[in-house]
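Please find one structure pasted underneath; my questions will follow.
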């Protein structure tokens, strides 16, 4: 692990396109940006290293200014599951840092990463001093909560793989591009990664994609995914929800 | 003042007898005054619906007295109870702050006093009062953590007894009193509703309760529950 100074990457974070959250930090006060800049430490991680681990006491937040990272969860006695892949521009470890609870997931780098680290105490005092920043952070958290509830079906073992895959594809649609033929998006993950996300094998994912293609629900060319029949995809995701009656919520 | 539903309405937050450590109750004087000026205090009877899953958020509901159940509707129209909120909690928070649709339906299970704050007022209040905003961030982080605790338990299978024990322990940590006989709490839900919460039948819930009674782990009279042996409940969940 080596350290280097850089400038501009915090600016990048606030202006980044990859923040789907509608440029949450867009009109953040210049002082706040400056404060962020002064607090953060740049850390470089090689591919395959761990930024933080599930269950660890929170040390602070990590701004992923370059690279991609896997967010992984290991339920007791189960295989590790990918929760999602964090892209350049995301802030990791946010809720644990604020609540003081252990990190919910493990962050592992998929590519060499450049990360801006801000210590917990520094971050908390920044939030107290800058209500506007705090407000944006709250918005970001609210959104993450909703997203994590939407992720529940992916963990339901009574759901067939095709329904989970449909759920996952639907969750990507917001980031897609509307065309005459349907919604076009870039497949952000390999089949192997998708398998680890919905808890099945690579072969099953490939088979489910084949089935969707045969039914003319999607079209797949390289890494470009075209959703031809959105309604059908929704019904694949839903029909199974009916049979399992959201049993996920029962495991109190 | 005599009020409907047998509740004493408390209008002022500053000299409220219900004030607790939770959430907005212990804001500074300034913050509390500003909060008071935007809140609308309402009394609700049992069974009132505050908001419905999928609705556009109108604002947040702060629970002062009483309890509210949060449920979701599955595609086939069955109701599943997520949890029961206790006084001091704020409902509809993430939807209001992030401008997303309400995630669950909130319905009172007993007469309740609720402070409603309109969305615009609430958002302005947060922007102007850093202290309150910080608390919202903390509250949301806690909710986020809970969501992950739930996700983690999804893949694991639990017996109905284990789930009931988990639920009772959770209630012990909430609105309960320590007495000589044990931890005393009032059941907010019927056996039928508990069954919907842990995904089993009403009959099973009743059987599990009498089983626990027989083992002297709990004592149940009407809707009053006394947990006599908390360690035994914990042992069930650790199996």
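Label-point separation (nm) for residue A:181 and residue B:142, each offset 7 Å from Cα along Cα-to-Cβ?
In this crude label model, residue A:181 to residue B:142 measures out at 5.1 nm.
Still on this structure, please answer the following. Evaluate the Debye formula for chain B with equal point scatterers sitting on the alpha carbons, no solvent, and hand back log10 of I(q)/I(0) at q = 0.08, 0.11, 0.18 Å⁻¹, in q order, two decimals.
So the normalised log intensities work out to -0.34, -0.64, -1.47.
Additional query: Ignoring solvent entirely, what values of log10 I(q)/I(0) come out of the Debye formula for segment A:155-250 at 0.13, 0.15 Å⁻¹ when each Cα is a single scatterer?
So the normalised log intensities work out to -0.42, -0.56.
Order the peptides A:143-151, B:62-70 from the highest to the lowest mean number of other Cβ atoms within 10 Å of their residues.
Most protected by this proxy first, the peptides run B:62-70, A:143-151.
Of the peptides B:102-109, A:134-141, B:25-32, A:118-125, how do they stack up when ordered by the mean number of other Cβ atoms within 10 Å, highest first?
Highest-to-lowest ranking by the protection proxy: A:134-141, B:102-109, A:118-125, B:25-32.
Going by C-beta contacts inside 10 Å, put A:167, A:191 in order with the fewest on the left.
By the 10 Å Cβ count, ascending: A:191, A:167.
In a Debye calculation with equal point scatterers on the alpha-carbon sites of segment A:44-140 and no solvent, what is log10 I(q)/I(0) at q = 0.10, 0.12 Å⁻¹?
Values, matching the q order: -0.26, -0.38.
Give the separation of the Cα centroids, segment B:36-85 to segment B:168-222, in Å.
23
Counting only helical runs of four or more DSSP H residues, what would the 222 nm mean residue ellipticity of chain B come to if each run contributes -39,500 (n - 2.57) and the total is spread over all its residues?
Computed ellipticity for chain B at 222 nm equals -12500 deg cm²/dmol.
Fully extended, how many nm does the chain gain between residue A:201 and residue A:80 (0.36 nm per residue separation, minus their Cα-Cα distance)?
Result: 42.3 nm gained on full extension.
Ok, one more. Segment A:104-145 to segment A:56-102: how many Å between their Cα centroids?
11
Given a cut-off of under 8 Å on Cα pairs at least six residues apart, what relative contact order in percent is computed for chain B?
Rounded, it is 18 percent for chain B.
State, to one decimal in nm², a quarter of the convex hull surface area for the C-alpha atoms of segment B:127-239, i.e. the direction-averaged projected area.
The orientation-averaged projected area of the Cα hull of segment B:127-239 comes to 9.0 nm².
Express in nm, to one decimal, how much length is gained between residue B:192 and residue B:55 on full extension, taking 0.36 nm for each residue of separation and deducting their alpha carbon distance.
Value of the extension gain: 46.7 nm.
Just to confirm the number: angle between the C-alpha axis of helix B:119-128 and the first principal axis of chain B, 0 to 90 degrees, nearest 10?
For helix B:119-128, the angle is close to 70 degrees.
What does the average come to when, for each residue of peptide A:93-102, you count the partner chain Cβ atoms lying within 10 Å of its Cβ?
5
Next up: What FRET efficiency comes out for the pair residue A:171/residue B:235, r = Cβ-Cβ distance, R0 = 51 Å, nearest 0.05?
0.85
Let me know the mean shielding of B:128-139 by other chains, meaning the per-residue number of their Cβ atoms within 10 Å of its Cβ.
Taking the mean over all residues of the peptide, I get 6.
Report the FRET efficiency, 1/(1 + (r/R0)^6), for residue B:201 and residue A:33, where r is their Cβ-Cβ distance and R0 is 56 Å, rounded to 0.05.
0.45
For the protein assembly as shown, what is the Kirkwood estimate of the hydrodynamic radius, computed as the reciprocal of the mean inverse distance between distinct Cα atoms, to one decimal in Å?
One over the average 1/r among Cα pairs gives 24.5 Å for the protein assembly as shown.
The numbers here are math on the coordinates, done by the rules we state, and not lab data. These numbers come from a predicted model, not from an experiment. So basically every Cβ, Gly included, is an ideal-geometry build from the backbone, and we count neighbours across all protein chains shown.
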